[in-house]
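K.L.:
Pasting a structure here, questions to come.
Only the coordinates and a few stated rules stand behind these numbers; no lab work does. Note that the structure is a prediction, hence the values are computed from the model and not measured. So basically every Cβ, Gly included, is an ideal-geometry build from the backbone, and we count neighbours across all protein chains shown.
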Amino acid sequence: MAGLAPTFGRGAMTNHWVDIRNADLILVMGGNAAEAHPVGFRWVMEAKEHNDARLIVVDPRFNRTAAVADYYAEIRTGTDIAFLGGLISYLIETDQIHHEYVRAYTDASLIVREDFGFEDGLFTGYDAENGEYDKETWRYEYDDEGYALRDDTLTHPRCVFQLMRVHFSRYTPDVVSSVCGTPRDKLQHVWDMVAATVVNDKTMTILYALGWTQHSIGSQIIRTAAMLQLLLGNMGMRGGGVNALRGHSNIQGLTDLGLLSDLLPGYMSLPEADEQDYEAYILDRSRPDLLPGEVSYWRYYERFHVSLMKAWFGDAATEANNWCYDWLPKLSETLYDVLHTFERMSHGDINGYICQGFNPLAAFPHKAKTTAALSRLKYLVVIDPLRTETAEFWKNHGEFNDVNTAEIGTEVFRLPTTAFAEEDGSIVNSSRWLQWFWAAAPPPGEAIPDTAILAGIFLRMQQMYRDEGGAFSDALLNLSWPYRYPAEPSANELAREYNGWALEDVVDEQRNIVCRAGEQVEDFGMLRADGSTASGCWIFAGCWTNEGNQMIRRDNSDPYGVGQTLGWAWSWPANRRILYNRASARPDGTPWAERKAVVWWNGNRWVGNDVPDFPVESAPTEAQGPFIMNQTGRGQFFARDRMVEGPFPEHYEPFETPIANNPMHPNNPLAKNNPGARVFEQDRANFGSFEEFPHAATTYRLTEHFHYWTMHNRLNAIAQPEKFVEIGETLANELGIVKGDRVRVSSKRGHIEAVAVVTKRIRPLQVAGRTVHQIGIPIHWGYLGETKRAHLTNTLTPSVGDANTQTPEFKSFLVRVDKL
Amino acid sequence: MTLKVTRRQFFKLGAVGMATSSMAMMGFAPEPALASIRQFKLTGAKITRSNCTYCSVGCGVLLYSRGDGAINSIDSIYHVEGDPDHPVSRGSLCPKGAGLLDYIQSESRLKYPQVREPGTDEWKRISWDDALTRIARHMKDDRDANFVDQDAEGNTVNHWTTTGMLAASASTNETAYLTQKIVRSLGMVVLDNQARV
Ligand code: SF4
């Protein structure tokens, strides 16, 4: 969620499922909630039925969400920045922005350096040779004390507001319509509906999912939406927000716990190779305020970091050894993401790979490349409750997986693990709720929990290092292992550890003891940088206190009648349910509107129907900003150096585009596709052209299936037994395809076969003077399980990712369709 | 204040409109009546609270299992339904959640550790101890051979980049936390989860 954090401070859904019912307008774009999040989507229907809300869907297909929408507009896949950028321009030029909110709660008034600029699709500092930006100029102008200069009238030509206005002024309705293929009248209709939420007592919520993230410009699409919500004053409000609907049951939790190449728990990050000095590492991350007196909560980074090191290394972590700073692995690459990893694997630079509940052969782009890469491994370990295609990548399944088994020298281990119903523990839903559940039955056969498998491998390695010595082993030999049964750490023990506890008495500034040695910490405010506390994930502090496990709470009462249910489970951070909720009140502390109120100032402190996401005693007169994780305290229209391809979003074409150039910059080939994206040579050679593969394709989910799991389930296999693709009527007529025909869909990287569903729900679009047809390809089905055997969809998709996150561009690529 | 509703009434009320008659929202769970209308099929079942393992809505589910708790009697789950108390899902499940029982009992569930030896075309059953020991050996050998303590510029990096891991987004926070802790202590940096894709 790399678009949200640079704007608001945190990369998570800002509001929550039930709160959707408080919205007046729901914009679903880059997602299809009715299909992919059906039960959560009920709250959209609730808003429509009981809050008189309207629902808008903007999508390449008239999908299941569109079927119940008040208004639907079609769009070409991968052009959402143009659509939303045009909307931003429209709001500014017609003066339909929330002036007071924008002035007080955003960085609109801050002044940007004089040498910052943007020309023909490129921001200042572009190095065409390396495809990288030097971001030096992407900064504010600072005074002698390091605070940003500002102009509260928003008229200074280099204030963020004016730069943003000029930047998006190019996105006129005609230009947007030509880029997106959305007819002008529909565009205008959507824009007007959205503009109406600028008033104090109306909010719009935006729901999106992988339809925004899976583009080479995905993070910037999300940022454009985030900027839109700031302009309208819809952040921090009931029924507002930018709501990232995460795809998997605990994808939020795994991200919170930092299971990504560059992260540590709680959005802390691993040091880079050249960050050799501990103090400099901390200083770089304890971001100081850029406006006087702002909260800028990351200033306490060291408290969270030292507490983590104490949780991991116990007594071995001391001030003298910089809390084991040298023991942490340091990064020589910005990201060791999966595209990078499979590229290296395909060159034989990776020897071993562990797939825990993850099926890369089905889930990663360009299956042929994935197969070739896995075949070069020395060993592969698959930990899963189910059979997966990955574990059997070496097996010949005829046309579906045509490999030469005897030539594949990979040693593959397949380890059976428990499914959710057979284990205790917690998962974090999209709304950031940590919900605890219990095992109901033992697993089948000899399956054991993941924790036992991981501990089993780790303890054996530890023993080998003790017996034999070997490469650097201080960290692994000193890893704190305070578990009663070392071979199987329990969920309770692990949860208590990531919450954290006091190692010594913890005192506040007045020397009062706030937490006694041995007690669980109540919240992250109790964590200290002096080694007196341990906490494995600071943002989860408070989930397991001295009162016990807060994640099991089951009080579903809603005393304020606004849907907050503060007694149900536990939500990070600090059980706050709506992030940035200070912004639901005016600068003076009174709610913008009673029906949108979340927290307010009662004369002494912040109170309300949610836990304030703000220092509770910070009076409005102190004028601290509501976006407490940001150095400015404000929502950021200007991302500074936090985005790879620019501080403002710009439309770039997908790497496989159905048109000849980027209509925004037809004469600059450097600005055709995302200039900040990383493309490996063999992947570039595998991009197709629109001359050969004329149709724009996009992948998606169905409500009856979950990825490649549910094809192993009887019920789901009955509901959706066979692979299909969706083709619009016009194109089907041209190609002589009728409903039920079998077709072959090919890309530069391979082909799949499926049944054709000929539909009115995908219409041809007029894009930059050309007719573009879009093909819809569900991701489900494979050659294992109970459904009819089929090719994996990711045979087709290109291996290129978003410039910031390296999330693959599954949502926009080129194909050809042939009748079989 | 207590309020008695049967489970059936409760669902009816729910159907009228979630906002207007939200019993669950007011904290009234239909506990006392639970047993009375499930007399036949679910009598004697153990009910365990859980959450759907698929998408991020995190719907509440109730797992019904039988087994009398005695030694030698093994619990098995034979019914799954939505948790009516859950503030988001209120008893609903989508077609995926409704099929959870088939996932738990799928023919494709793995039961034993197995290995596919290089170049062969079959799975061989092995013991846990064999599997974990062989894997640990592979990892240690690779780590010892390829661990980098200093890079070319002389920076201490203490990392291991030739074995990587994908972590599971349906696993628990507790599993994820333990994974993170172990992986970093080994110096691994090639780590991702489904959030990447
Ligand atoms: S039941 Fe459906 S909507 Fe609910 S968590 Fe499961 S997959 Fe998601």
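K.L.:
Give the order of A:ILE727, B:ILE74 when sorted by the count of other beta carbons within 10 angstrom, beginning with the fewest.
P.N.:
The fewest-first ordering by Cβ neighbours comes to B:ILE74, A:ILE727.
K.L.:
If you average 1/r over every pair of different alpha-carbon atoms in region A:669-819 and take one over that average, what Kirkwood value in Å do you get?
P.N.:
Values: mean 1/r = 0.0610 Å⁻¹.
Kirkwood radius, region A:669-819: 16.4 Å.
K.L.:
Could you tell me which of rounded, prolate or oblate describes region B:46-104, using a ≥ b ≥ c as the square roots of the eigenvalues of the alpha-carbon gyration tensor, with rounded for a/c under 1.5 and, failing that, prolate when a/b is larger than b/c and oblate otherwise?
P.N.:
Cα axes put region B:46-104 in the prolate bin.
K.L.:
P(r) tail for the protein assembly as shown, what percent of Cα pairs lie past 44 Å?
P.N.:
When all Cα pairs of the protein assembly as shown are counted, 29 percent exceed 44 Å.
K.L.:
Mean separation of Cα pairs under 8 Å and 6+ residues apart, divided by the residue count of region A:669-819: what relative contact order is that in percent?
P.N.:
35 percent
K.L.:
In addition: Let's see if you can work this out: charge +1 on each Lys and Arg Cβ, -1 on each Asp and Glu Cβ, no other charges. What is the dipole magnitude of region A:81-203 about its Cα centre, in debye to the nearest 20? Don't skip to the end; give the middle numbers.
P.N.:
Working: 11 positive and 23 negative charges, 140 e Å.
Result for region A:81-203 is approximately 680 debye, rounded to the nearest 20.
K.L.:
Using only the Cα atoms, work out Rg/Rh for region A:133-267, with Rh taken as the Kirkwood radius, to two decimals.
P.N.:
My calculation of the ratio gives 1.01.
K.L.:
Here is a follow-up. For region B:46-104, what relative contact order do you get, as a whole percent, if you take Cα pairs closer than 8 Å and at least 6 residues apart?
P.N.:
Averaging sequence separation for qualifying contacts and normalising by length gives 29 percent for region B:46-104.
K.L.:
Exactly which GluC sites (Glu not before Pro) in region B:107-174 are in a DSSP loop and have at most 11 other Cβ atoms within 10 Å?
P.N.:
B:GLU122, B:GLU153
K.L.:
Just report the Cα centroid separation between region A:742-820 and region A:409-474, whole Å.
P.N.:
Here the two parts' Cα centres lie 35 Å apart.
K.L.:
Here's a follow-up. D for region A:548-681, whole µm²/s, Stokes-Einstein with Kirkwood Rh over alpha-carbon pairs at 37 °C and 0.692 mPa s: what number? Please report the intermediate quantities before stating the final value.
P.N.:
Details: Rh = 18.6 Å.
Answer from the Stokes-Einstein relation: 177 µm²/s.
K.L.:
What's the local net charge at A:THR621, with K and R +1, D and E -1, over the other residues with C-beta under 15 Å away? Don't skip to the answer; put the middle values down first.
P.N.:
On the way: positive: A:ARG582, A:ARG586, A:ARG605; negative: A:GLU294, A:ASP588, A:GLU617, A:GLU622.
Overall, the nearby charge balance is -1.
K.L.:
Among A:MET664, A:GLY589, A:PHE680, flag the residue with its Cα farthest along the positive direction of the charge dipole of region A:581-695, charges on Cβ as +1 for Lys/Arg and -1 for Asp/Glu.
P.N.:
After comparing all options, I get A:GLY589.
K.L.:
How big is the charge dipole of region A:669-819 about its Cα centre, in debye rounded to the nearest 20, if each Lys and Arg gets +1 on its Cβ and each Asp and Glu gets -1 on its Cβ? Walk me through the numbers before you get to the answer.
P.N.:
Values: 20 positive and 15 negative charges, 29 e Å.
The dipole of region A:669-819 has a size of about 140 debye.
K.L.:
Report, largest value first, the span of the C-alpha coordinates of region A:530-570 along each principal axis, in whole Å.
P.N.:
Per principal axis, max minus min of the Cα coordinates gives 43, 17, 12 Å.
K.L.:
Given the C-alpha centroids of region A:268-302 and region A:1-23, what is the distance between them in whole angstrom?
P.N.:
Region A:268-302 and region A:1-23 have Cα centres separated by 24 Å.
K.L.:
State the antiparallel share, in %, of DSSP beta bridges confined to chain A, rounding to the nearest 5. Mind dumping the intermediate values first?
P.N.:
Details: 47 of 88 bridges.
Bridges in chain A that DSSP calls antiparallel: roughly 55 percent.
K.L.:
State the Cα centre-to-centre distance between region A:137-192 and region A:632-659 in whole Å.
P.N.:
Here the two parts' Cα centres lie 12 Å apart.
K.L.:
Of the options A:ILE552, B:GLY97, B:SER171, report the single residue whose Cα projects farthest towards the positive end of the charge dipole of the protein assembly as shown (beta-carbon charges: Lys, Arg +1; Asp, Glu -1).
P.N.:
Looking along the dipole axis, the top candidate is B:GLY97.
K.L.:
Separate question: Determine the calculated [θ] at 222 nm for chain A from helices alone, applying -39500 (n - 2.57) to every DSSP H run no shorter than 4 residues and normalising by the residue count; nearest 500 deg cm²/dmol.
P.N.:
Calculated mean residue ellipticity at 222 nm is -6500 deg cm²/dmol.
K.L.:
In whole angstrom, how long is each semi-axis of the equivalent ellipsoid of region B:84-154, when you take the square root of 5 times every eigenvalue of its Cα gyration tensor and sort them from largest down? Don't skip to the answer; put the middle values down first.
P.N.:
Details: eigenvalues 341, 121, 25 Å².
After diagonalising the Cα gyration tensor, the semi-axes are 41, 25, 11 Å.
K.L.:
Taking every residue in A:259-266, how many Cβ atoms of other protein chains lie within 10 Å of its Cβ, on average?
P.N.:
6
K.L.:
While we're looking at this one, here's another question. Positive end of the dipole of chain A, charges at C-beta (+1 Lys, Arg; -1 Asp, Glu), about the Cα centre: which of A:PRO365, A:LEU792, A:TRP436 has its Cα farthest in that direction?
P.N.:
A:LEU792
K.L.:
I've got another one for you. Region B:114-196: Rg/Rh from Cα coordinates, Kirkwood Rh?
P.N.:
1.04
K.L.:
What does the structure give for A:492-498 when I average, per residue, the other chain Cβ atoms found within 10 Å of the residue Cβ?
P.N.:
Shielding by partners across A:492-498 averages 4.
K.L.:
Here's something else I'd like to know. Using unit Cβ charges (K, R positive; D, E negative) and no other charged atoms, how large, in debye to the nearest 20, is the dipole of chain A about its Cα centre?
P.N.:
Charge dipole of chain A: 2700 debye, to the nearest 20.
K.L.:
Could you state the per residue volume, in Å³, of the convex hull enclosing the Cα atoms of region A:400-513?
P.N.:
Here the figure is 260 Å³ per residue.
K.L.:
OK, next. Hey, got a sec? Which GluC sites (Glu not before Pro) in region A:655-691 land in a DSSP loop and have at most 12 other Cβ atoms within 10 Å?
P.N.:
When the GluC sites (Glu not before Pro) of region A:655-691 are filtered for loop state and at most 12 Cβ neighbours within 10 Å, A:GLU691 remain.
K.L.:
Give me a single rounded figure for A:546-556: the average over its residues of other chain Cβ atoms within 10 Å of their Cβ. Intermediate values should be presented prior to the final figure.
P.N.:
On the way: counts 0, 0, 0, 0, 0, 1, 1, 0, 8, 4, 15.
Rounded to a whole number, the mean comes out at 3.
K.L.:
Let me ask something else about it. Under 22 Å between alpha carbons, and skipping anything fewer than 8 positions from A:LYS748 in its own chain: which lysines qualify?
P.N.:
A:LYS367, A:LYS369, A:LYS672, A:LYS723, A:LYS811, A:LYS819
K.L.:
Across region A:1-118, what fraction of all alpha-carbon pairs, as a whole percent, falls in each successive 10 Å bin from zero upward?
P.N.:
Result, from short to long distances: 11, 31, 39, 14, 4, 0 percent.
K.L.:
For chain A, calculate the relative contact order in percent as a whole number, restricting contacts to Cα pairs under 8 Å that are 6 or more residues apart.
P.N.:
Contact order relative to length: 17 percent.
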